[in-house]
Amino acid sequence: MAADPDHLLNGDDAPAKLSLLPVRNTVLFPGVVLPVTVTRRKSAKLVRAIYASGDKLLGVVAQRSPDDAEPTVAELHPVGTLARILKLIEQPDGQVTIIIQGQVRFTIEEELTYAPRLTAQVQYFAETSLNVDVPAEFALLQSLREAAGKVVELSPEIPSEARSMLEGIQSPAFLTHFLCSNVQLDLPAKQRLLELSDPEQQARQLLEALLNQVELLEIKQDIRTKTHTGIDAQQREYFLRQQLKTLQDELGQEGPDQDIGRYRDRALTKKWPEPVAMHFAKEMEKLARTNPMAPDFSVISNYVEFLLDLPWNEYTKDKINLKQTRKILDADHFGLEKVKERILEYLAVLKLKQDLKSPILCLYGPPGVGKTSLGRSIATALGRKYVRLSLGGVRDEAEIRGHRKTYVGAMPGRIIAQIKKAGASNPVIILDEIDKVSADFRGDPSSALLEVLDPEQNSTFVDNYLEVEYDLSKVLFIATANSLDTIQPALRDRMEIIDLTGYTQEEKVQIAKKHLWPKQLREHGLGPQEVKISDGALHRVADDYTRESGVRGLERKLAAVTRNLARRKAGKEPVPAVLDAAEVRRILGAPIYDRDMYQDNDTAGVVTGLAWTSVGGDILFVESLLSRGRGKLTLSGQLGDVMKESAITALSYLRSRADEIGIDYRLFEQYDLHIHFPEGAVPKDGPSAGIAIFTSMASAFTQRRVRPRLAMTGEITLRGKVLPVGGIKEKLLAARRAGMTDIILCAKNRKDVDEITADYLQGLHIHYVDRVLDVLGVALLAELVPHPQKLPVRDEPVPAPGPSVEVQ
C-alpha cells in the first residue's frame, strides 16, 4: 500500500525510547502503509494505549521465531521500523486491527523494560536514497521500475492499474521500500533488505530478487503457452504431464528418452540367453515407438524393468563343507538323523558333480517338528539365498504361473517373483504347506506346480507374465506338508518324500534344553544364564502339559513359565536360579494330561487303539457294552464309513468263532451291543481300529480282563486275517507318550518297525500277529475283570430280528 512519503519523521524528530510491537510474519518499511491484526492481549493493550496518546508512535520489529508467544528483545531482529498508527479498528471477537505507516528505521541498542510493555533504547538510521543525477544510480532505479512492471505484466492476479501507480511514485527511497515490501521473498530475506543502510546495495539486491521473480513468472507463462489446449476434463491428465515434462526439461531431469537409454545400458551387463536378448530387443523397439502419454507405455516399461531385474544366469557360489554342514544341522536341529543323512548325500553328489539338478524334497510330518526351519538351515549350510513361499490357501493358478500382460494389473507368478527377490537363480525356496493348496473356478495351483517341481521340465519354465523360458533347475525346492493324502498324486510323484515324525519325550527335553529355553529367555528379557531349568522340570512340562508330536505346545508352555519369571523380575521379586518340577507345577497349575487314565483295565470291553492324525500319532479308546435286547448293534462317536464297516466285520467274525472263544451263541440274540468311541465331538475314520474293535467286543462278551498298558492297531478281514496299516512310527511314539508298554501289530508291519531308530522303541514290547484270534491270545488275560457284568441267558429261542445296525 503506497502513501505520501513527504510527511515522514526522521531520526531527529523521533523519540529515543520506544514501545515495541513484535510482529510474526511482517516486515514494515518506511513510507509503506500496512494493516496489522493484533492477537496478543499484551500487544492489544499496548496499541490501545499508544493510539490514545498524542503522537501514536511505536516500534514495529519482526520476531526471529513465530512460535514465541511473549518475545524479549533478544528474540527480536535487531532492526525495526518506527510506525505511526493511522487507524485502530476493534474487531467483534475482541482482537484489534491497526493501520500503520512506516516512518524511519532504527537499531535496538538496549532493552529497557519487559513488563507491562516492552520498551527499548533505539538508534535511528540516517535515511538516504539513490541520486537520480548520478547515471549509474539513475540506471539502477529505472531497472527497478522495469522489473516491477514486468512482474505486474506477467502476474494475472495483479491488476493492471498497479503499473500506473508504480510510474506515479517519484521518491527513489519510497519506490525502493515499496518494492521491498511487495516482492515475493520470505521474511528473513525481507529483513535482510530492511537492515541494509546503503541504498545502492539495497537496490541491487532488490533488483536481483525481482529478476528471479520475473524469470519464474516467464517459465510459468511458457508452460501455460505450450500446454494451452482449452483444458477440459479429458485433457487434464495431458496438461499435467506436459507441465511435468517442461519442468523436467528445465531442471535437467530424466524423461522417457533417458529411461530408454538407461534400459539399454543395463541390458549390456545382463548374462541372459540369446532368445531372451532378442525378446528384450523387440520390447525395447515397441517401447521406443509408443507415445509416453499412452497407457501401454507404463505397461511395457514395467515389463522391461522386470526383465532387467531378474538374475539371469546369476548364481551364488555353493560353500559345500560336509563337516561344517553337519555341525550347522546338528546345532539347529536335534535328532532327525535320516533327514540329515539325505541332505548330506545330496550335498556330497553336488560337490562331486558340480551341476547336479536339484531334487525336489518334501519334508512330511506333523506340525512343530521343524520342517520350515530345517529348510533355512539347509540354505545357511549351502551359502545360498533363502526365500519362503507360503502356499496355504492358494486357489488361483495365476499365483504360480502369473497373469498375461493383457490383463489390467498383471503380475508375475510367485515363483518368479521370489527369484527376483532372492537376486540369484539358485536360491533355496521353501514351498510351505503344499498340502493345503486348494482349487476353484480360477484353476488348480497344484497342476501349475507340476512343471515347477519336475526336474526334467523346470529348466524351461515359462511364466505367463514373463513369456520367455526361465531355468529353475538350479533352484533347490523344499516342500513341507502335514498330510500326503491331500497332495495331488501327480505332484506327489515328482517329490522325494522325507518323513519327519514326532519326537520322543527324551528328544523333546533335549530340544527344550538346547533351543527352546534359551530362546524364551532372550525373548522375555532374561539373561541366557540368569535362570536354569532342571531336566526333571522339562520332563514334567513335556509329560503333564503337552500331548503332541512336535514341540510347539512345549514352547508355549515354556513361554508361560518365562513370562512368570519376567513378571517377578520386573516387580523386584526374587527369581529362582534353577527351576525344579515343583516350581513349574506351581506356575502352570494342575497337569492337563493324566497318564494314569490310559492304564485302566478294570472294566470289560475297554481297549486302547492307535490312530494317525495330521498332527501326529494319538491313542483312541474303544468301549463296548452289552444290554438286554434282541441283538442290535449301535455305533456312536462320529465314525466314518470305514470304521462302521470294520465294526460290522468284527462282529460277524466274532459270531462265527463264538465257540472257539468261549462265548454262548445265545448272547448275540438276547443282548444288544453298543460300541462307543469317546470324544464323540471328534470325527474318526480309517482302517486302523479293526482289531481294537474286535478285542473290545470279545472282552465284553467274555468279561475277561484286557492286558494293562496295551495298545493295538490293525485291520481285519472276514477270514480273520490281520492287515498291515500305516503311520507306525507316529503311533508308536503316541503309545510311548501315553505310557503304554505292549503293542500289537500285524506281522507285515515288522519292516516298518525295523526302520525306526531303536531309541524310539525303548520300553515297548511289540507283539506281531497274523490272525485275529492271535490278538485275543495276547490281549485278553485268563481271569475275569474284578466286577464282571452278569450275562444270564434264556433257554427258549428268541426270534432273530434280522440285521440291524444303529449309528449315532
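Observations
- Residues of the range 289-323 satisfying the condition of being part of a loop (DSSP other than H, G, I, E, B) and either under 30 Å from residue 381 (Cα atoms) or touching a Leu at 6+ places or on another chain (Cβ under 7 Å) (or both): 310, 311, 312, 313, 314, 315, 316, 317, 318, 319, 320, 321
- Selection status of residue 660, surrounded by fewer than 17 Cβ atoms within 10 Å (Cβ to Cβ), touching a helix residue (DSSP H, G or I) at 6+ places or on another chain (Cβ under 8 Å) and assigned to a helix (DSSP H, G or I): yes
- Residue that is surrounded by the most Cβ atoms within 10 Å (Cβ to Cβ) [pool: residues in the range 534-563 that are part of a loop (DSSP other than H, G, I, E, B) and hydroxyl-bearing (Ser, Thr, Tyr)]: 549
- Those helices (runs of 4 or more DSSP H) lying entirely in the range 438-533 with at least 1 residues assigned by TED's automatic domain parsing to the domain that holds residue 574, at pLDDT below 85 and surrounded by fewer than 22 Cβ atoms within 10 Å (Cβ to Cβ): 505-511
- In the range 382-401, the residues that are surrounded by fewer than 24 Cβ atoms within 10 Å (Cβ to Cβ), of a type outside the set (Phe, Trp, Tyr) and not in a loop (DSSP other than H, G, I, E, B): 387, 388, 389, 390, 398, 399
- Set 573, 623: member being of a type in the set (Asp, Glu) and in contact with a His (Cβ under 6 Å, 6 or more places away or on another chain): 623
- Filter result for residue 592 (assigned to a loop (DSSP other than H, G, I, E, B) and over 27 Å from residue 745 (Cα atoms)): yes
- Any chance residue 343 is surrounded by 13 or more Cβ atoms within 10 Å (Cβ to Cβ), more than 24 Å from residue 505 (Cβ to Cβ) and in contact with a strand residue (DSSP E or B) (Cβ under 7 Å, 6 or more places away or on another chain): no
- Filter pass, residue 11 being touching a strand residue (DSSP E or B) at 6+ places or on another chain (Cβ under 8 Å), surrounded by fewer than 20 Cβ atoms within 10 Å (Cβ to Cβ) and within 17 Å of residue 124 (Cα to Cα): yes
- Identity of the residue in the range 633-650, assigned to a helix (DSSP H, G or I) and surrounded by 21 or more Cβ atoms within 10 Å (Cβ to Cβ), that ends up nearest to the chain's Cα centre (by Cα): 643
- Total residues in the range 491-514, condition touching a Leu at 6+ places or on another chain (Cβ under 8 Å) and under 17 Å from residue 433 (Cα atoms): 9
- Taken together, 336, 350, 361, 374 contain a single residue that is modelled with pLDDT under 80, assigned by TED's automatic domain parsing to the domain that holds residue 462 and under 30 Å from residue 412 (Cβ atoms), which is 350.
- Hits in the range 68-79 (condition: touching a Lys or Arg at 6+ places or on another chain (Cβ under 8 Å) and crowded, with 16+ Cβ neighbours inside 10 Å): 71, 76, 77, 79
- All of 379, 348 fail the test of being assigned to a helix (DSSP H, G or I) and closer than 19 Å to residue 453 by Cα, apart from 379.
- Pairs where the first residue, in the range 515-544, is touching a residue at least 24 places away in the same chain (Cβ under 8 Å) and the second is of a type in the set (Phe, Trp, Tyr), C-beta under 9 Å, 6+ apart: 515/334; 531/517; 532/517; 533/517; 538/517; 543/593; 544/593
- The set of residues in the range 714-754 being polar (S, T, N, Q) and touching a Gly at 6+ places or on another chain (Cβ under 7 Å) consists of 741 alone.
- Flag if residue 270 is basic (Lys, Arg), outside the structural domain of residue 405 (by TED's automatic domain parsing) and modelled with pLDDT under 85: yes
- Close contacts from the range 397-410, counting a first residue that is in the same structural domain as residue 439 (by TED's automatic domain parsing) and a second that is part of a loop (DSSP other than H, G, I, E, B) and of a type in the set (Ser, Thr, Tyr), with Cβ to Cβ under 7 Å and a gap of 6+ residues or different chains, come to 402/465; 403/465; 405/465; 410/465.
- Check on residue 327, under 17 Å from residue 427 (Cβ atoms), over 30 Å from the mean Cα position of the chain (by Cα), loosely packed, with under 14 Cβ neighbours inside 10 Å and of a type outside the set (A, V, I, L, M): no
- One residue alone among 575, 584 is at pLDDT below 85 and either of a type outside the set (Asp, Glu) or assigned to a helix (DSSP H, G or I) (or both), and that residue is 575.
- Residue within the range 564-579 that is touching a Phe, Trp or Tyr at 6+ places or on another chain (Cβ under 8 Å) and surrounded by 16 or more Cβ atoms within 10 Å (Cβ to Cβ) present: no
- Against the conditions (1) of a type in the set (A, V, I, L, M); (2) under 24 Å from residue 31 (Cβ atoms); (3) exposed (fewer than 15 other Cβ atoms within 10 Å of the Cβ), residue 82 satisfies every one except (3).
The values are calculated or read from the model by the stated rules, or taken from the named source; none is laboratory data. In this text the structure is predicted, and so the values were computed from the model without any measurement. When we count neighbours, we look across all protein chains shown, and the Cβ atoms used for this are built from the backbone with ideal geometry, even at glycine.
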